[in-house]
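Taking it in order: structure first as C-alpha cells, then the write-up.
The values are calculated or read from the model by the stated rules, or taken from the named source; none is laboratory data. Computed from a predicted structure; not experimentally measured. Here the Cβ is made from the backbone with ideal geometry for all residues, glycine too, and neighbour counts use every protein chain on show.
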Amino acid sequence: MFWKILVWAFLTAFVVSGAKAREIELGTGVVCDTQAQIERFAQLSDNSGELEAKLHTINADAPYACALMEVAYYRGKSHGQLHTAAGTVEVVEILVVGFKYGTWNQLTPTIQWTIFPVIEEGA
C-alpha cells in the first residue's frame, strides 16, 4: 500500500508542477552515490577487466559507494557524455525508488548516478 501512495505522490508532483508524469523504469546496472564515482567507474571500464575488480577499485575509497543492482527508478537529468575506449556513455542522475533482492523492495527515494550507452550512428 505504501508503495502505491509513494508512486501516486511522486507522479502528482509532476502534474502539479506542469511537468509530464514519467513512468518508473526498471533496469540492471551499476549505480553510484556520486557523479564523480560513476565517471571514475566509466573510465576504469576502458582498461580494467572484470566488473567486480572495477567496483572494488571504486569502493576502496568509499565502501558500498557503487554496486551492480536491479532497480526501479525515474530517469533524471543528463550530466554529459564520456568517451571511453568501449564507446560513449551518458552520465545520468536517477531517483531510485525500489530495488530487487530476491523480491522487489521499496526504498525511500534516493538520488544515485549511473551511465547509459550512447548509440552512435555513422555519418
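If you go through region 46-61 one residue at a time, do you hit one that is of a type in the set (S, T, N, Q) and within 12 Å of T114 (Cβ to Cβ)? Explain how you work it out, then say what you get.
So the first thing to find is which residues in region 46-61 are of a type in the set (S, T, N, Q), and the list is 47-48, 57, 59.
With the extra rule that they be within 12 Å of T114 (Cβ to Cβ), the set shrinks to none.
No, because not a single residue in region 46-61 is of a type in the set (S, T, N, Q) and within 12 Å of T114 (Cβ to Cβ).
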Problem set entry | region 86-99: number of residues that are out of contact with any Ser or Thr (no Cβ under 6 Å at 6 or more places or on another chain), on the phi < 0 side of the Ramachandran plot and modelled with pLDDT under 95 | 2
Exercise. Somewhere in region 62-77, is a residue surrounded by fewer than 15 Cβ atoms within 10 Å (Cβ to Cβ), at pLDDT 95 or above and over 26 Å from Y101 (Cα atoms)?
Worked result: yes
Exercise. Of the residues that sit in region 105-114 and are at pLDDT 95 or above and among the hydrophobic types (A, V, I, L, M, F, W, C), which one is nearest to A67 (Cα to Cα)?
Worked result: W113
Problem set entry | For A53: the one exception among (1) surrounded by fewer than 13 Cβ atoms within 10 Å (Cβ to Cβ); (2) at pLDDT 95 or above; (3) among the hydrophobic types (A, V, I, L, M, F, W, C) | (2)
